[in-house]
1. Step through the table entries LYS12/LYS35; LYS15/LYS52; LYS5/LYS29; LYS12/LYS59, compare each Cα-Cα distance with 26 Å, and write down the pairs that go over it.
2. How about the chain: which trypsin sites (Lys or Arg not before Pro) there are in a DSSP loop, with at most 15 other Cβ atoms within 10 Å of their Cβ?
3. Tell me the carbon and sulfur percent of the accessible area for the chain, rounded to whole percent, probe radius 1.4 Å.
4. Kindly sort MET49, MET58, MET1 by accessible area of their heavy atoms, largest first, with the probe set to 1.4 Å.
5. Using 7 Å Cα-to-Cβ label points, what is the LYS3/ASN54 separation (nm, one decimal)?
6. How long is the gain from ARG13 to LEU65 if the chain were fully straight, where each residue apart is worth 0.36 nm and the alpha carbon distance is subtracted?
7. What list of ³J(HN,Hα) values in whole Hz, one per residue of segment 12-17 in order, does the Karplus curve 6.51 cos²θ - 1.76 cosθ + 1.60 (θ = phi - 60°) give from phi, with Gly and Pro shown as x?
8. Within the chain, which chymotrypsin sites (Phe, Trp or Tyr not before Pro) sit in a loop by DSSP and count at most 15 neighbouring Cβ atoms inside 10 Å?
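The values are calculated or read from the model by the stated rules, or taken from the named source; none is laboratory data. The model shown is predicted, which means the values in this text are computed figures rather than measured ones. Reconstructed Cβ throughout: ideal geometry from the backbone, glycine too, with neighbour counts over all protein chains shown. These area figures cover heavy atoms from the full protein model, side chains too; ligands, DNA and RNA do not enter into them. Shrake-Rupley method; radii C 1.70, N 1.55, O 1.52, S 1.80 Å.
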Amino acid sequence: MPKMKTSRAAAKRFKVTGTGKLKRNKAYKSHILTKKSAKTKRNLRKATMTDKSNVKNMKKILPYL
């Protein structure tokens, strides 16, 4: 059986924690920041866990992570 290929786009965006969960950064932090409140921007800085409804698909495109 041939080797499975990792999605390079996903590999650059997701990291695995010690317990095996997928960590990701939040969206909406790149531009049009003037209309967003300081609280919103501060909360967007923090990384978060991938939702469990998406984990199955993420594991499929990241087989060796």
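1. Too far apart for the 26 Å limit: LYS12/LYS35; LYS5/LYS29.
2. Answer in residue order: LYS3, LYS5, LYS21, LYS26, LYS29, LYS35, LYS36, LYS46.
3. 55 percent
4. The ranking, largest first, comes out as MET1, MET49, MET58.
5. The answer from the label model is 2.7 nm.
6. Extending this stretch completely gives an extra 17.5 nm.
7. Along segment 12-17, the couplings run 7, 9, 10, 10, 9, 7 Hz.
8. Filter output for the chain: TYR28, TYR64.
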